[in-house]
Amino acid sequence: MKLATLKRGGRDGTLVVVNRAITHCRAVPAIASTLQAALDDWDRCEPQLRQIDEALNRGAITDVEPFDPSQCHSPLPRAYQWADGSAYVNHVELVRRARGAELPPEFWTDPLMYQGGSDSFVGPNDPIYALSEDWGIDLEAEVAVITGDVKMGATAAQSAASIRLLMLVNDVSLRNLVPAELAKGFGFLQSKPACAFSPVAITPDELGADWRDGRIHRPMTVHLNGRLFGCPDAGQDMTFNFPQLLAHVSKSREMEAGSIVGSGTVSNKQGDLHGSSVANGGVGYCCIAEVRMYETIETGKPLTSFLKFGDTVRIEMLDRDGLSIFGAIEQQVQRYTG
């Protein structure tokens with residue numbers, strides 16, 4: 001089942017069921033007006049939404065409308081919680097290696113995670129806004145889950161049952177603001193502006209065999225200014241799966257329905273550093289910081305610049321037939337004018 005939120009009907013938008021081809025959709029006000037309302041009453045709403053989904057995909061519903069990603073919010077325009085992990089330890093190892101620091105051994109057994117702002121996500125085709133290019137504007141292509149309620153102290157196995165939906169996310173980072181914030185010892189704030197999520201959120205069964213062991217086993221495709229920048233596999237080198245990440249969050253708190261947990265930047269370990277880029281036969285990257293890390297390790301300094309105003313980012317995941325699973329996050333970097 002595929003769900004989306006259109007930019008109409010108030011701040012939290014209008015919930016629609018989207019067909020598998022992501023070409024048409026149907027609003028479902030009699031079931032739930034918003035995605036959050038559906039998540040709050042999932043046991044009642046989910047079977048009814050699936051009936052619409054099945055009828056929509058077999059062409060049994062006539063009162064449908066074309067699906068236009070440019071008219072979409074992120075599936076949850078705002079959420080009760082957004083917690084982002086760093087499940088691909090290869091990514092963390094590269095960051096530390098580039099500055100000559102060792103990776104603490106506990107990073108392989110205890111997930112890194114930060115609490116992000118969730119009051120105002122942006123739509124999948126909305127701009128990436130910033131006031132200055134000097135902030136070091138970067139993309140981070142990730143996968144994420146939306147949960148139902150999770151009890152405090154839930155195990156990974158118990159947490160797995162609470163995964164309701166899957167999405168892609170562009171977790172924008174302002175890299176040049178990060179060092180000063182981390183030096184305070186209190187985590188990210190200004191360096192993490194509003195995220196954008198894929199137009200469509202899907203139930204895990206949509207992936208078939210590509211959803212297993214709490215991971216999505218499909219390549220994450222990233223284009224910068226129309227050129228392929230990365231295509232690492234999201235299921236490969238993911239040290240902590242989503243049930244483990246949810247158990248980490250819920251160790252000391254309950255999680256409410258509609259919480260979002262991200263994987264962190266998708267990153268594959270690529271052996272020979274010179275084969276890391278797509279141009280050199282590698283799988284490339286899901287953020288600019290990572291290629292700058294490789295450049296620093298190999299040449300002593302970064303060569304690739306961060307995003308500039310006017311640059312475009314496209315993040316997508318295709319199924320085995322080459323069809324888009326979630327729709328694309330497609331954004332242009334723009335100066336914020338208020």
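The values are calculated or read from the model by the stated rules, or taken from the named source; none is laboratory data. Small disclaimer: the values here were computed from a predicted structure and weren't measured. As a convention, Cβ positions derive from the backbone with ideal geometry for all residues, glycine included, and neighbour counts pool all protein chains shown. Each accessible area value is taken on the protein alone, full model and side chains, heavy atoms only, with ligands, DNA and RNA left out. Shrake-Rupley method; radii C 1.70, N 1.55, O 1.52, S 1.80 Å.
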Only one of Ser70, Ser86 that is within 14 Å of Phe197 (Cα to Cα) and in contact (Cβ under 8 Å) with a residue 12 or more places away in the chain: Ser70
Selection from segment 47-88 of residues that are open to solvent by less than 50 Å² (accessible area, probe 1.4 Å) and out of contact with any strand residue (DSSP E or B) (no Cβ under 8 Å at 6 or more places or on another chain): Ala55, Ala87, Tyr88
For segment 221-270, which residues satisfy the criterion of being open to solvent by less than 30 Å² (accessible area, probe 1.4 Å), part of a loop (DSSP other than H, G, I, E, B) and among the β-branched types (Val, Ile, Thr)? Thr265, Val266
Restrict the check to segment 197-213 and report whether at least one residue is part of a loop (DSSP other than H, G, I, E, B), touching a residue at least 60 places away in the same chain (Cβ under 8 Å), surrounded by fewer than 24 Cβ atoms within 10 Å (Cβ to Cβ) and of a type in the set (A, V, I, L, M, F, W, C). no
Starting from segment 220-238, take each residue that is touching a residue at least 40 places away in the same chain (Cβ under 8 Å) and closer than 16 Å to Asn268 by Cα and list its partners that are open to solvent by less than 50 Å² (accessible area, probe 1.4 Å) and of a type in the set (Phe, Trp, Tyr), counting only C-beta distances under 8 angstrom and pairs at least six apart or across chains. Val222/Phe229; Val222/Tyr285; Phe229/Tyr285; Gly230/Tyr285; Pro232/Tyr285; Asp237/Tyr88; Met238/Tyr88
Segment 1-30 - residue that is touching an Asp or Glu at 6+ places or on another chain (Cβ under 9 Å) and without any contact (Cβ under 8 Å) to a residue 40 or more places away in the chain and, of those, least open to solvent (accessible area, probe 1.4 Å): Val17
Residues of segment 153-177 being more than 16 Å from Met113 (Cβ to Cβ), hydrophobic (A, V, I, L, M, F, W, C) and out of contact with any Phe, Trp or Tyr (no Cβ under 7 Å at 6 or more places or on another chain), which ones? Ala157, Ala160, Ala161, Leu165, Leu166, Val172
Of the residues in segment 1-37, those that are touching a Phe, Trp or Tyr at 6+ places or on another chain (Cβ under 9 Å), closer than 19 Å to Ile163 by Cα and not in a strand (DSSP E or B) come to Gln36
Give segment 271-295 a look and list any residue that's more than 30 Å from Ser159 (Cβ to Cβ) and open to solvent by 40 Å² or more (accessible area, probe 1.4 Å), or say none. Gly271, Asp272, His274, Val278, Ala279, Asn280, Gly281, Arg292
Can you find, within segment 216-255, the residue that is farthest from the chain's Cα centre (by Cα) among those that are of a type in the set (Val, Ile, Thr) and under 16 Å from Ala144 (Cβ atoms)? Val249
Within segment 288-308, does at least one residue satisfy the condition of being over 26 Å from Arg96 (Cβ atoms), in contact with a strand residue (DSSP E or B) (Cβ under 7 Å, 6 or more places away or on another chain) and of a type in the set (Val, Ile, Thr)? no
Filter segment 62-121 down to the residues that are aliphatic (A, V, I, L, M) and in a helix (DSSP H, G or I), then identify the one that is modelled with the lowest pLDDT. Ala98
Return the residues of segment 125-145 that are open to solvent by less than 30 Å² (accessible area, probe 1.4 Å), among the hydrophobic types (A, V, I, L, M, F, W, C) and over 23 Å from Thr203 (Cα atoms); say none if nothing qualifies. Ile128, Ala130, Ile137, Leu139
How many residues are open to solvent by 80 Å² or more (accessible area, probe 1.4 Å), under 30 Å from Asp205 (Cβ atoms) and either in contact with a helix residue (DSSP H, G or I) (Cβ under 6 Å, 6 or more places away or on another chain) or not hydrophobic (A, V, I, L, M, F, W, C) (or both) when one looks only at segment 146-192? 3
